[in-house]
Amino acid sequence: MSEKIYDTPRLVIETKDITLPNGKERKYLFVQPVEAVCILPTDDEYVYLIRQYRAVIDSYILEVVAGGMDKEGESRVDAARRELAEEARMKAEEIIPRGFVYSSPGFCTEKLWLFEARGLSSCDDFEMDEDEIIEQVRVRREDVFSMISSGEISDAKTIALLTRVLAG
C-alpha cells in the first residue's frame with residue numbers, strides 16, 4: 001500500500017509498505033524528484049564551479065552546475081547543455097558522460113547523471129532562474145582535493161563528479 005503526501009510535476013513524496021528481501025515488512029518514506037544532470041566545466045588547468053546561495057542551509061556553497069530534467073522530451077545531454085548555459089554562462093564543444101550517482105538512497109530515488117564539459121566558451125543563450133543567485137568560481141585542478149579535505153567543497157554531488165573526472 002502507498003499513500004501520497006505531496007505530488008507535483010517535479011517531486012512526489014509518499015509512504016509505501018515494502019517487503020524486504022529477508023521477508024520483514026516495513027513502511028518507508030520515498031522522496032521522488034525528477035532525475036537531474038550535473039556538469040563539470042573543465043579545461044587542462046581549471047575546473048569551473050559555481051558559488052550558489054541555498055536557502056535550505058541559508059548559505060552559499062561551492063557546487064558543480066546542476067539541474068532537474070523537467071523539460072519534456074529533453075535528453076540528458078540537452079539538459080546538461082541547457083544547465084551549463086543557464087548557470088555557468090558557458091557552452092561546450094564536448095559533453096562527456098561520467099555515469100550517475102544516487103543522491104541519498106536511504107529515502108530518495110534521485111538519480112544524478114554526471115557530465116564533464118570540455119571546449120568551453122561563454123554564452124548567454126538562457127536566462128538564470130529568478131531564484132538562482134550564482135557566481136562562477138575558477139579552481140585550479142591541483143587544488144580540488146585539498147578543498148574537499150578542508151571542507152571548502154562539501155556538496156556530495158560535486159565531490160562525486162570531481163572525483164569521477166579528476167581521479168580517473
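Nothing in this text is a laboratory measurement; each read-out follows from the coordinates by a stated rule. All of these numbers come straight from a predicted model, not from anything done at the bench. Methodologically, a virtual Cβ is constructed for each residue, glycine included, from the backbone with ideal geometry; neighbour enumeration extends over all protein chains shown.
Can you tally the net charge around Lys91? Count Lys and Arg as +1, Asp and Glu as -1, for every other residue whose Cβ sits under 13 Å from the Cβ of Lys91. Write down the numbers at each step before the final one.
On the way: positive: Arg81, Arg82, Arg89, Arg118; negative: Asp78, Glu83, Glu86, Glu87, Glu93, Glu94, Asp124, Asp125.
Local net charge: -4.
Please work out which option in [x] 52, 35, 31; [y] 49, 46, 26; [z] 46, 35, 31 gives Cα extents along the principal axes in Å calculated from these coordinates, and answer with its label.
Among [x] 52, 35, 31; [y] 49, 46, 26; [z] 46, 35, 31, the one derived from this structure is [x].
Cross-chain or 8 or more residues apart, Cα under 17 Å: how many lysine pairs in the range 1-115 fit that? Count them up, please.
Numbers: Lys4/Lys16; Lys4/Lys27; Lys16/Lys24; Lys16/Lys27; Lys71/Lys111.
Pairs that pass both the separation and distance tests number 5.
Can you tell me which of Ile39, Ile57, Ile134 moves the most in a GNM of the chain? Springs connect C-alpha atoms under 10 Å apart.
Maximum among the listed residues: Ile57.
Which longest uninterrupted range of the chain lacks any trypsin sites (Lys or Arg not before Pro) assigned by DSSP to a loop state (not H, G, I, E or B) and surrounded by at most 12 other Cβ atoms within 10 Å? Kindly include the intermediate steps, with their values, before the conclusion.
On the way: sites that count: Arg10, Lys24, Lys71.
Between the exposed loop sites, the longest stretch runs 72-168.
Quick check: the angle from helix 156-166's long axis to the longest principal axis of the chain, C-alpha only, nearest 10 degrees?
Taking the Cα atoms of the chain, the angle to 156-166 is about 50 degrees.
Just from its helices, what would the mean residue ellipticity at 222 nm be for the chain, if runs of 4 or more DSSP H residues each count -39500 (n - 2.57) and the sum is divided by every residue, rounded to the nearest 500 deg cm²/dmol?
Values: 3 runs with 31 residues, N = 168.
Roughly -5500 deg cm²/dmol at 222 nm, from the helical runs in the chain.
Using +1 at the C-beta of Lys and Arg and -1 at the C-beta of Asp and Glu, which of Val101, Leu114, Gln52 has the Cα lying farthest in the positive direction of the dipole of the range 10-168?
About the Cα centre, the residue reaching furthest to the positive side is Val101.
Loop-only GluC sites (Glu not before Pro) in the range 5-106, please: DSSP not H, G, I, E or B, and at most 10 other Cβ atoms within 10 Å. Provide the component values of the computation, followed by the final result.
Numbers: sites: Glu14, Glu25, Glu35, Glu45, Glu63, Glu72, Glu74, Glu83, Glu86, Glu87, Glu93, Glu94; in loops: Glu35, Glu45, Glu72, Glu74.
Passing both the DSSP loop test and the Cβ count: Glu45, Glu72.
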